[in-house]
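Asker: The structure's right below; bear with me while I get my questions together.
The values are calculated or read from the model by the stated rules, or taken from the named source; none is laboratory data. None of these values were measured; they are calculated from a predicted model. Virtual Cβ from ideal backbone geometry, glycine too; neighbours counted across all protein chains shown.
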Amino acid sequence: MVFNIAAIVKVRSRVYEFPPERFYRAALHFSRDCFSQISLSSIQALVTLVVHSILTPAEVNLFTLVHIGLAHCIELGIHREPPPATDPNDIKYQQIRRLAFFTVYSLDRSVSSIQGRPLGFRDETFDVKMPELQSPRHLSPTGSPTLSSFSAAVLRFARFHFELDRIVSDVKVQFYHLPCDSACFALPADPETQQTRIRDEIVRWWEKVAEEPFNFPGLDNRQRRMWRLKLKVKHHTTMVMLFQPSQAIRNPPPESLQVCFNNAASILQDYQTLHDLQGLHHGWRTVQNIYAAGATLIYSFWTCSAVRNNASIADLSRSLRACSGLLAVGGEWWPSVKKRQRGFGAIVDLTIRRLYYTGNMPFKNPRLFTPLSSEEGQNGMEQSEGALSYDSTGQQNLSQVPSNGTGASWPHLPASSVGLPHSHDSLHWHVTYPDGSFQPGTNDYVPEIENFLADFDKSEFSWSFPVAGVGDSCEASNFQTQATDYKDTGQYDSK
């Protein structure tokens, strides 16, 4: 299965030398023996199955698979910290146990956050320590120095993920559990104070990441940059999760929505940079995060006048175009994304119209959204000079805002306004909506936007869509013991 995952990554990089299906069939052949009993090896194999399912539109329920992994961890007791080991072999085995547990733990926090579902179990139910960098005396004397250095670098990178996952758990527990009669699980009495506390923890975590040089001989500069970008995306995603509407704060203030807007824009910029570095492989989590970032931009823009007033048409159009372009590329591997990407383009058009006609106008007229083919998305998306950047708190760095211009793929629109008391407003929207379904004088939202926002709210403060739809194909889509129908992954349970 490890070779299958590596071959999938190669194919996403346009290297077709190794057919992933061949390795997948070999893994299927040994699956019965592998999963016949609960062991550390079976947990590791289950993790590879989860990673495979994240990369391909397999009809597998990731949420269920991850919970099976958590159950196996508890069954083996690797969620508890054992007595200190002194023998080198025991130390290595202890390290493997810790890595296995926290890998499953990290997957659980990621999948449950994307789908808006409960955590597998809370942090007070385990006490195993995070894996630590081993001292040279514990390393194999016959091992390759470069390989050992790379393993240490991977562990450092993984620890940053695990540390932020602990903060994600805090966000879920404080803001995303349903109210109940038990006093033990009451929502925080002062959620804003908790929000500030967690924000400060996220900022401190990011400061540690920013100071980490990843100065290991086994890494090149490109790998270092990609790791920082991936950690930065996770930082911005956690900030959005903290400040978006939640069970504890259902109607966040404009400042919170501005933070969501800024961090969502940064997510798209960072994914675009990863794409340009050929470090984006469009797995399930990536596609979900890209779409969620675009949806958050639009949601914040349409529901908050302060965000609209601060928005720049050039920067917003650049971010939305990056979102649609990345989704177009992802649609090559996830066919069910194509339908969402086409619908997203119509929402982009209306958003740019609204921004243009509410006063934040550049020197050029706005241009309509033009969907990109997967090839165009792969080859034609370039990082713009002077793109917006944000600091660790999600605040905009105005020194990098371009002074004029828009993206090159927005054809001209006729001059008119949206929601402004000018005589030609009704004429413009009558042409667009001749059936009279939209009255600009009585409602800020056109029907498409209203439906979009309603769908966003129905998803209970998390954005998701079934990336393994009916049209998606996957050869050998089931493992005999774990496979379940993936159609339920778009449904939402309580947090």
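Asker: It is to be established whether one or more residues within region 87-98 are in contact with a helix residue (DSSP H, G or I) (Cβ under 8 Å, 6 or more places away or on another chain) and not in a helix (DSSP H, G or I).
Answerer: Checking region 87-98: not a single residue is in contact with a helix residue (DSSP H, G or I) (Cβ under 8 Å, 6 or more places away or on another chain) and not in a helix (DSSP H, G or I).
Asker: Restrict the check to region 277-290 and report whether at least one residue is within 11 Å of residue 257 (Cβ to Cβ), small (Gly, Ala, Ser) and modelled with pLDDT under 95.
Answerer: No - not one qualifying residue is present in region 277-290.
Asker: For residue 44, are the conditions met, namely being more than 27 Å from residue 114 (Cβ to Cβ) and surrounded by 15 or more Cβ atoms within 10 Å (Cβ to Cβ)?
Answerer: no
Asker: Do the conditions hold for residue 213, that is, is it exposed (fewer than 12 other Cβ atoms within 10 Å of the Cβ) and not in a helix (DSSP H, G or I)?
Answerer: Criteria met by residue 213.
Asker: Any residue in region 251-273 that is under 16 Å from residue 327 (Cβ atoms) sitting within a Cβ distance under 8 Å of a residue that is assigned to a helix (DSSP H, G or I) and basic (Lys, Arg)? List the pairs, counting only those 6 or more apart or interchain.
Answerer: Here the result reads 270/232, each pair linking region 251-273 to a residue that is assigned to a helix (DSSP H, G or I) and basic (Lys, Arg).
Asker: Follow-up. What is the residue count in region 341-370 for residues that are in contact with a helix residue (DSSP H, G or I) (Cβ under 7 Å, 6 or more places away or on another chain) and either under 24 Å from residue 277 (Cα atoms) or modelled with pLDDT of 75 or more (or both)?
Answerer: So the answer is 11.
Asker: Something else: Go over the candidates 324, 336 one by one and state the one that is hydroxyl-bearing (Ser, Thr, Tyr) and closer than 22 Å to residue 446 by Cα.
Answerer: 324
Asker: Let me ask something else. Give region 69-87 a look and list any residue that's within 25 Å of the chain's Cα centre (by Cα) and surrounded by 23 or more Cβ atoms within 10 Å (Cβ to Cβ), or say none.
Answerer: The answer is 69, and nothing else.
Asker: Here is a list of conditions, (1) in contact (Cβ under 8 Å) with a residue 60 or more places away in the chain; (2) among the basic types (Lys, Arg); (3) surrounded by fewer than 24 Cβ atoms within 10 Å (Cβ to Cβ), and residue 222 meets all of them except one; can you say which number that is?
Answerer: If we test residue 222 against (1) in contact (Cβ under 8 Å) with a residue 60 or more places away in the chain; (2) among the basic types (Lys, Arg); (3) surrounded by fewer than 24 Cβ atoms within 10 Å (Cβ to Cβ), just (1) comes out false.
Asker: Can you give me the number of residues within region 210-252 that are farther than 14 Å from residue 156 by Cα and out of contact with any helix residue (DSSP H, G or I) (no Cβ under 9 Å at 6 or more places or on another chain)?
Answerer: 5
Asker: Among the residues of region 49-57, is there at least one that is part of a loop (DSSP other than H, G, I, E, B) and either surrounded by 14 or more Cβ atoms within 10 Å (Cβ to Cβ) or not basic (Lys, Arg) (or both)?
Answerer: Yes, because at least one residue in region 49-57 is part of a loop (DSSP other than H, G, I, E, B) and either surrounded by 14 or more Cβ atoms within 10 Å (Cβ to Cβ) or not basic (Lys, Arg) (or both).
Asker: Would you mind stating whether residue 270 is within 19 Å of residue 233 (Cβ to Cβ), touching a Pro at 6+ places or on another chain (Cβ under 9 Å) and assigned to a helix (DSSP H, G or I)?
Answerer: No, not satisfied.
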